[in-house]
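Here is the structure we will look at.
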Amino acid sequence: MRLDGIHHITAITGDAPQNVEFYAGLLGLRLVKKTVNQDDPTVYHLFYGDEEGSPGFDLTFFEYPGAAQGRPGAGMVHRILWRVGSSEAVDFWEQRLGDAGVATSREDGTLRFADPERFEHQLLISTAPDAPLTAEHPEIPHAMALQGFDGVRAYVARPDASRPLLEGGLGFEPTDEGWEARGERRGSRYVVDAPPELYGVQGAGSVHHVAWSSTMADHEAWRARVIEAGGRPTPVIDRFYFRSIYFREPSGVLFEIATQGPGFTADEPLETLGERLSLPPDYEQLRDRLEHILTPLPNPRAARSPR
């Protein structure tokens, strides 16, 4: 068994309209699912991705309106690593972000920046064999688009404590900066950094968890592997769009193992993903109430014309 890299990354926002404008409007990601946090259905769970909402390019946010600013610390992911296709793409994003007033910095051929809630991102030229995952945006040429996750950087105080679970349980391969999870189709890096002195605070602009990608057939077996390696996973939870187990790796980072299906077209067609509030069947009875309390959001594709 091998995990196919990162399935999705989930963070927190205090301002969903601003979040949609940044990630769909500026970064050009597709809003592929507008649904609710199934553990607290009074708040949004927004999913951004490529054109098909593929695992490996799902960046998701819980919206807690007005949430205080978060701060990454030990046991937390603090930066997403994105793939782009060329140095020209790095130049393109430096120009596009700069024109939008977003501060950037170049570092060894990569580009670093943060969203309006200080959530850090880094673009790097991909050398991975994985097929690029891209979304369509009229202002972003296909060759310049973001191509999916290369990995995450996490603050880890004792990497050696994480090694038995990551390598023995999850099959991660060690690298110079941490580990890589690579399956038959995709792979992603888990890069570790020494934590800052200040403790972490969960809030706006912070990462809640990182999910790794499993086939449906292997999902129960992964739970058994985590237990054998000393982890304490939840039971399998049916999230309708995928199934999940959650546990903390020994350094405190919250992990999920999520299945590659059924996928986001389980309840709406591919052509109109993300354009209406989608509720799993168990939550449909709440629609009238939720549509009155959730923050109104624009349809980021409404005013676009095809390239």
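The values are calculated or read from the model by the stated rules, or taken from the named source; none is laboratory data. Small disclaimer: the values here were computed from a predicted structure and weren't measured. Please note: Cβ atoms are built from the backbone with ideal geometry, for glycine as well, and neighbour counts cover all protein chains shown.
A few comments on the model shown:
- Against the list (1) modelled with pLDDT of 95 or more; (2) surrounded by 24 or more Cβ atoms within 10 Å (Cβ to Cβ); (3) in a loop (DSSP other than H, G, I, E, B), the condition Tyr48 fails is (3).
- The set of residues in the range 27-45 that are touching a residue at least 60 places away in the same chain (Cβ under 8 Å), under 21 Å from Thr272 (Cβ atoms) and assigned to a strand (DSSP E or B) comprises Arg30, Leu31, Val32, Lys33, Lys34, Thr35, Val36, Tyr44.
- Scanning the range 241-253 for residues that are in contact (Cβ under 8 Å) with a residue 60 or more places away in the chain and either closer than 25 Å to Tyr199 by Cβ or outside any strand (DSSP E or B) (or both) yields Tyr241, Arg248, Glu249, Pro250, Ser251, Gly252, Val253.
- Enumeration of residues in the range 1-28 that are touching a helix residue (DSSP H, G or I) at 6+ places or on another chain (Cβ under 8 Å) and acidic (Asp, Glu): none
- Residues satisfying the stated conditions in the range 256-274, i.e. surrounded by 15 or more Cβ atoms within 10 Å (Cβ to Cβ) and of a type in the set (D, E, K, R): Glu256, Asp267, Glu268
- The set of residues in the range 130-163 being among the hydrophobic types (A, V, I, L, M, F, W, C), in contact with a helix residue (DSSP H, G or I) (Cβ under 9 Å, 6 or more places away or on another chain), buried (at least 17 other Cβ atoms within 10 Å of the Cβ) and under 20 Å from Arg83 (Cα atoms) consists of Ala135, Ile140, Met144, Ala145, Leu146.
- Counted residues, the range 15-45 - those being in contact with a Pro (Cβ under 7 Å, 6 or more places away or on another chain) and buried (at least 21 other Cβ atoms within 10 Å of the Cβ): 3
- Residues being part of a loop (DSSP other than H, G, I, E, B) and within 21 Å of the chain's Cα centre (by Cα) - total across the range 277-297: 4
- Any chance Pro17 is closer than 17 Å to Arg239 by Cα, in contact (Cβ under 8 Å) with a residue 12 or more places away in the chain and not aromatic (Phe, Trp, Tyr): no
- Looking only at the range 230-245, residues that are buried (at least 17 other Cβ atoms within 10 Å of the Cβ) and closer than 21 Å to Arg163 by Cβ come to 3 in all.
- Pair list, Cβ < 6 Å and 6+ apart or interchain, from the range 284-298 residues that are touching a residue at least 12 places away in the same chain (Cβ under 8 Å) and surrounded by fewer than 14 Cβ atoms within 10 Å (Cβ to Cβ) to residues that are in a helix (DSSP H, G or I) and not acidic (Asp, Glu): Thr295/Ala16
- Enumerated strands (runs of 3 or more DSSP E) restricted to the range 98-189, each holding at least 1 residues that are over 19 Å from Val253 (Cβ atoms), over 18 Å from the mean Cα position of the chain (by Cα) and at pLDDT 95 or above: 104-107, 110-114, 120-125
- Selection status of Arg307, modelled with pLDDT of 95 or more and more than 22 Å from the chain's Cα centre (by Cα): no
- Candidate set: the range 105-117, residues that are surrounded by fewer than 18 Cβ atoms within 10 Å (Cβ to Cβ) and in contact with a strand residue (DSSP E or B) (Cβ under 7 Å, 6 or more places away or on another chain); chosen: the one farthest from Gly14 (Cα to Cα): Gly109
- Of the residues Arg189, Arg185, the single one that is among the charged types (D, E, K, R) and touching a Gly at 6+ places or on another chain (Cβ under 8 Å) is Arg189.
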